[in-house]
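The values are calculated or read from the model by the stated rules, or taken from the named source; none is laboratory data. These figures come from a predicted structure and were not determined experimentally. Using ideal geometry, Cβ is built from the backbone for each residue, glycine included, and neighbour counts are taken over all protein chains shown.
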Amino acid sequence: MSRRQLPTLEEARAILSAKRTRPQRRPPPPAGRALNRYVKDLDGRFGQGTNALSARWREIVGPEIARRTEPVKLVKGRNGGPSSLEIRVAGPAAAIIQHQAHAVLARVNVFLGAEAVQKLRIVQGPLHRTEPPPKRRPAPLDAAKEAELAKSLADAPDGKLKDALMKLGRGVLKRSR
C-alpha cells in the first residue's frame, strides 16, 4: 500500500478550474415572516385569551370586583358553541359575584368583542396575586394627643431612645382609639 501524493499547486489549480461548483444556498427567510400568517390565523380563531384579561382585569371589571376575583381561563365552545370564562373568587364573595355575573360578562365582552363570552363559570379558591395588596398608612394622631405625648417625653434626652419612645407612644395611643 503506497501513500498517495498530494497534488502540486499547479495541479490543484487545474483540478479546481475544471470542476463545476454548486451555487451558494440562500439563507432561510426569517422565522417571524413564515409564522406571521399562522399566528394571525390562530389569533382570529382563539382570540386574546386570559393573559390579556389578567393584564387589564382591574380596568375591565372595576376595583371592587377585581379585589375579589381573577380570570383563570377562557374556553372556546366547540363548533361555534358558547364560550365561557372561568374566574376564581375568594371565599364567600362568590355569591356576590354570581349576582353581578351579567355586569361582569358585559364588561368582558366590551374588552374582547361582542358576544366573545356567553357564560361565566365561578370557582371558589384562593387568589394567586403577583403583586401584594397596597398597604394603608395609619391615620396620624390628632394634635392634642401628639402634644400630650411630647410633653410627657420632654424630660427624656434627645436621641434614638426618645425617638423610639415617641414611636411606641403613637402606636399605643392609636390602638386605644
Open item on the list: Against the conditions (1) within 18 Å of L127 (Cβ to Cβ); (2) at pLDDT below 90, where does Q98 fall short? Just the number, please.
Closed with: (2)
Open item on the list: Condition (residue is without any contact (Cβ under 8 Å) to a residue 60 or more places away in the chain and within 17 Å of the chain's Cα centre (by Cα)) applied to the range 4-27: is it met by at least one residue?
Closed with: no
TODO: Give the range 78-115 a look and list any residue that's at positive phi and either not polar (S, T, N, Q) or not assigned by TED's automatic domain parsing to the domain that holds E59 (or both), or say none.
DONE: G80, G91, G113, E115
